[in-house]
Amino acid sequence: MYGQIHVCVRELVEEKFGAEAWKSVLTKSGLDEHDHFLVFHRYEDPVTFKLIGAVCETLGVELPAVLEIFGDYFLQYCLRHGYDKMLKTLGGNFKSFIQNLDSLHALLALTYKNIVAPSFRCETNEDGSLSLHYYTIRPGLYPIVLGLVRAVARDLYNQEADISVVDKSQEVISGGKTQEHVTFRVVLTRQDDTKSLTEFQPSFPSEFFISAEQFCNAFPYHIIFDSNLEIKQCGMMIQRLLRTQVTEQNMCDIFELTHPRMQMSVINIRMFINAVFMLKVRVPSKTVLKNGDSQHSLILKGQMMWLDDIQHMIFISSPRLSSLTELMEMNVYLADIPLYDVTRELVLLNQQRIAEIDIAKRLDETTIELRKTSKALEEEKKKTDLLLYQMLPEKVAIELKNGRPVAAEKFEHVTVLFSDIVTFTNIASACPAISIVQMLNDLYNRFDARSTEHGVYKVETIGDAYMVVSGVPIKTTAHAQPVANFSMDMVAEAAKVMSPATGKPLQIRVGLHSGPVVAGVVGQKMPRYCLFGDTVNTASRMESHGAPGRIHLSPTTFKNLQESKDYSFRCRGEIDVKGKGKMTTFFLIGTKNKRVKEPDDDFSTLEVLGEDDPIPNITYPRGSKQISRGKSSTCTVI
């Protein structure tokens with residue numbers, strides 16, 4: 001079925017049940033909002049049935065009821081989308097409207113290629129009711145007719161139609177296909193307002209004859225055959241196009257009845273005498289086109305008329321052509337079509353229509369592709385932004401993307417962490433470079449995951465050195481605690497990575513220091529967000545003067561953590577720090593709920609300081625100010 005049906009279903013659900021119901025239908029059907037709703041695109045029947053099934057499941061309504069609602073709504077949809085005049089002029093009353101539906105479908109087939117339309121036939125019963133015959137190769141869709149008939153009677157003819165199913169059967173048609181035949185009984189409860197025309201009695205001459213040759217030239221596409229389907233007379237153009245003698249041959253040997261779908265017999269033809277008939281030539285043409293392609297089979301479209309006086313059937317037709325391309329493929333010219341035949345105008349008008357539809361179709365497809373591309377670009381943009389935000393702080397990256405300069409900024413209270421791998425130089429000299437890269441990748445992936453968990457900002461990695469900070473670029477007073485918690489996880493994660501040189505767990509040294517820094521973006525080709533100040537130097541000294549498997553704290557970081565009353569320490573005492581002089585430092589050994597696995601070294605004998613233990617006299621690094629308990633320390637910025 002064509003996407004027009006899908007679009008109609010979408011409008012029906014959105015109008016009667018809301019946008020949320022439609023979203024649920026899309027989810028259950030698994031169809032794409034864009035790919036499966038192109039008006040002029042033909043979709044396989046299972047796709048459409050999947051959509052209808054999702055509607056049933058979402059609304060909790062049985063399939064026959066949904067199809068009947070769709071049939072009623074489909075007429076309203078057609079009236080709103082440019083088919084109103086065509087439908088209102090199709091027939092002067094309800095019966096003639098139904099009788100001419102097949103003609104309408106034949107016209108629509110010029111726009112919608114390979115359309116598989118149903119067929120309708122209407123009869124008047126003795127009690128004034130109508131017998132509506134519905135033929136289709138798609139079984140189970142007859143409830144659509146129930147809703148459609150009521151809508152046609154109501155909206156086009158101001159009548160109320162009482163319709164019911166009288167009979168259902170299966171018939172085998174040409175090509176071995178099975179056709180469903182459903183008979184409805186229709187009772188119109190209020191007559192329409194159309195006025196009947198005054199009866200007119202035509203007059204005919206008593207005797208008037210023309211030769212068969214003249215008749216065959218005047219009607220070049222006619223066929224006359226008897227009750228046994230034996231051809232008695234054939235138009236001049238049919239003989240010329242078929243390039244064979246067709247008289248005295250059987251219709252079934254030369255033609256295949258493609259519409260209406262039934263076995264070809266005079267009895268069946270007379271049942272559908274008001275329908276449009278299409279006959280496809282079985283005899284392949286011997287003509288070969290210039291490009292080497294074989295010629296398409298000729299299809300004749302026209303009307304069957306029963307000649308009661310001679311008991312023969314006449315088929316008056318025209319070649320079924322929809323474009324100039326088909327004319328060329330069938331080796332037919334406009335001159336081969338009689339001047340009185342509107343096929344000439346239809347071909348030329350439809351050629352323009354095909355061009356317009358082709359443009360509309362390409363526009364739809366281009367729009368879908370643009371939407372897909374836009375969606376893909378958005379996904380790639382998210383990936384790019386994610387990568388950028390890993391290299392630079394988000395607010396800094398946004399400023400740079402918008403072309404605005406990012407000025408350096410001073411942060412008064414931050415905590416900086418440095419770490420490195422113990423004996424990394426020995427490991428690097430003893431192992432292949434690829435093993436070192438794999439080891440560092442494993443280690444840093446673990447650290448990165450923990451940094452996200454604790455909300456600290458990773459500044460950079462250089463070799464085996466790993467640097468993070470808290471309080472930058474988002475200012476906070478609680479900056480020491482996240483870094484301290486992260487440092488304890490670092491030690492634990494490092495023990496899970498094995499050295500490629502010894503096969504034993506890695507050990508790292510960690511150093512922390514708190515104070516002020518200046519932060520800003522350096523460079524244009526590969527911009528980096530860097531920290532400057534004595535705080536960075538001191539944090540690096542805490543790491544280099546630390547011990548394997550230990551978290552080494554400066555006095556200012558110790559003060560910040562001591563205030564939270566949740567950490568335990570070992571006082572290392574006063575040490576000589578390169579470039580800083582004497583300084584009292586500490587080892588972090590854990591919290592109330594977590595404890596660092598301490599290595600077996602000389603520092604394990606140092607006294608543990610808890611939250612209520614007195615603080616020893618602290619010697620601060622040269623150039624810094626000593627602050628009383630409860631206040632942060634600040635360091636001079638270089």
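The values are calculated or read from the model by the stated rules, or taken from the named source; none is laboratory data. Everything numeric in this text was worked out from a predicted model, so none of it was measured. Cβ coordinates were reconstructed from backbone atoms using ideal geometry, including for glycine residues, and neighbour counts include every protein chain displayed. Just so you know, the surface numbers come from the protein's heavy atoms only, side chains and all, with ligands and any DNA or RNA stripped out. Shrake-Rupley method; radii C 1.70, N 1.55, O 1.52, S 1.80 Å.
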#### Entry: Length added when fully stretched, Met86-Gln438, from 0.36 nm per residue minus Cα-Cα
119.4 nm
### Query
What whole-number value in Å² describes the accessible area per residue of the range 470-600 for a 1.4 Å probe?
40 Å²
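Taking the Cα centre of the chain as origin and charging only Cβ (+1 Lys, Arg; -1 Asp, Glu), how large is the dipole, in debye to the nearest 20? Display every interim value, and only then the final one.
Numbers: 71 positive and 77 negative charges, 604 e Å.
About 2900 debye.
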### Summary
Listed by chain and number, the aspartates and glutamates with an alpha carbon less than 13 angstrom from that of Lys401, same-chain partners under 8 positions apart left out, are Asp385
### Message
Charges on Cβ only, +1 for Lys and Arg, -1 for Asp and Glu, centred on the Cα centroid of the chain; of Cys216, Ala492, Leu241, which one is farthest towards the dipole's positive end?
### Response
Ala492
### Message
Are there any GluC sites (Glu not before Pro) in the range 77-160 that are in a DSSP loop and have at most 16 other Cβ atoms within 10 Å? List them by number.
### Response
Glu126, Glu160
### Summary
the range 46-67 and the range 472-550 have their Cα centres apart by a whole-number Å value of 61 Å
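According to the Cα gyration tensor, what semi-axes, each the square root of 5 times an eigenvalue, does the equivalent ellipsoid of the range 391-522 have, listed from largest to smallest in whole Å?
Working: eigenvalues 181, 58, 29 Å².
With the √(5λ) rule applied to the range 391-522, the semi-axes are 30, 17, 12 Å.
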#### Entry: Debye, to nearest 20: dipole size of the range 66-190, +1 on Lys, Arg Cβ, -1 on Asp, Glu Cβ
420 debye
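Identify the chymotrypsin sites (Phe, Trp or Tyr not before Pro) of the range 201-254 meeting these criteria: DSSP loop state and at most 11 other C-beta atoms within 10 Å of the C-beta.
On the way: sites: Phe208, Phe209, Phe215, Tyr221, Phe225; in loops: Phe208, Phe209, Tyr221.
Qualifying residues, ordered by number: Phe208, Phe209.
Of the heavy-atom accessible surface of the chain (probe 1.4 angstrom), what whole percent is carbon and sulfur? Working shown, then result.
Details: 18010 of 33600 Å².
Roughly 54 percent of what the probe reaches on the chain is carbon or sulfur.
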### Query
Which chymotrypsin sites (Phe, Trp or Tyr not before Pro) in the range 43-84 pass both tests, a DSSP loop state and at most 12 other beta-carbon atoms within 10 Å?
none
### Query
Using 7 Å Cα-to-Cβ label points, what is the Thr258/Ile359 separation (nm, one decimal)?
2.9 nm
### Cα-based helix-to-principal-axis angle, 480-494 vs the chain, degrees rounded to 10
80 degrees
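Quick one: putting +1 on the C-beta of Lys and Arg, -1 on the C-beta of Asp and Glu, what dipole do you get for the range 284-415 around its Cα centre, in Debye to the nearest 20? Don't skip to the answer; put the middle values down first.
Details: 18 positive and 21 negative charges, 103 e Å.
The dipole of the range 284-415 has a size of about 500 debye.
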## Note on the structure
Rounded to whole angstrom, the alpha-carbon centroid of the range 246-274 lies from that of the range 576-603 at a distance of 102 Å
### Task
Between Met328 and Ser131, take the C-beta separation as r, use R0 = 51 Å, and let me know the FRET efficiency to the nearest 0.05.
0.70
### Message
For Cα extents along the principal axes in Å, one of (1) 97, 70, 56; (2) 138, 60, 46; (3) 85, 50, 50 was computed from the structure I shared and the rest are decoys. Which label?
### Response
(2)
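If you rank Lys597, Lys28 by how much accessible surface each has, with a 1.4 Å probe, what is the order from largest down? Don't jump to the answer; show the numbers that get you there.
Values: Lys597 180, Lys28 100 Å².
From most exposed to least exposed: Lys597, Lys28.
Counting each DSSP H run of 4 or more residues in the chain as -39500 (n - 2.57), what helix-only mean residue ellipticity at 222 nm follows after dividing by all residues, to the nearest 500 deg cm²/dmol?
-12000 deg cm²/dmol
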### Signed unit charges on C-beta, dipole axis of the chain, positive-most listed residue Gly590, Leu90, His552
His552
#### Entry: Contact order normalised by residue count of the range 358-495, Cα under 8 Å, 6+ apart, percent
25 percent
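For Glu380 and Ser103, FRET efficiency with R0 = 51 Å and r from the beta-carbon atoms, rounded to 0.05?
On the way: r = 52 Å, r/R0 = 1.03.
Here the calculated transfer efficiency is 0.45.
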### Query
With every protein chain present, what is the per residue accessible area of the range 1-138 (1.4 Å probe, Å²)?
45 Å²
### the range 340-398 versus the range 113-145: alpha-carbon centroid distance in Å
40 Å
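Order Lys301, Lys381, most accessible first, counting only protein heavy atoms with a 1.4 angstrom probe. Before the final figure, lay out the partial values.
On the way: Lys301 70, Lys381 100 Å².
I get Lys381, Lys301, largest accessible area first.
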#### Entry: Rounded tilt (10° steps) of 3-17 against the dominant C-alpha axis of the chain
70 degrees
### Task
Please tell me which of these pairs span more than 24 angstrom C-alpha to C-alpha: Lys559/Lys594; Lys458/Lys565; Lys95/Lys232; Lys395/Lys496; Lys28/Lys177; Lys50/Lys95?
Lys458/Lys565; Lys95/Lys232; Lys395/Lys496; Lys28/Lys177; Lys50/Lys95
#### Entry: Label-point gap, in nm, between Glu453 and Lys410 - each point 7 angstrom along Cα→Cβ
3.7 nm
### Task
Taking 7 Å along the Cα-to-C-beta vector as the label spot, tell me the Glu345-Gln245 distance in nanometres, rounded to one decimal.
4.1 nm
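With a 1.4 Å probe and all protein chains kept in place, how do Thr415, Thr591 rank by accessible area, largest first?
Values: Thr415 0, Thr591 30 Å².
Largest accessible area first, the list is Thr591, Thr415.
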### Task
Enumerate the calculated ³J(HN,Hα) couplings along the range 534-550 in order (Karplus 6.51 cos²θ - 1.76 cosθ + 1.60, θ = phi - 60°), each rounded to whole Hz, writing x wherever the residue is Gly or Pro.
5, 4, 5, 4, 5, 4, 5, 5, 4, 6, 6, 9, x, 10, x, x, 10
### Query
Taking 0.36 nm per residue of separation and subtracting the Cα-Cα distance, what length does fully extending Ala478 through Ala465 add?
2.2 nm
### Query
With the dipole of the chain worked out from charges on the C-beta (+1 for Lys and Arg, -1 for Asp and Glu) around the Cα centre, which of Ile144, Thr415, Asn250 lies farthest toward the positive end?
Thr415
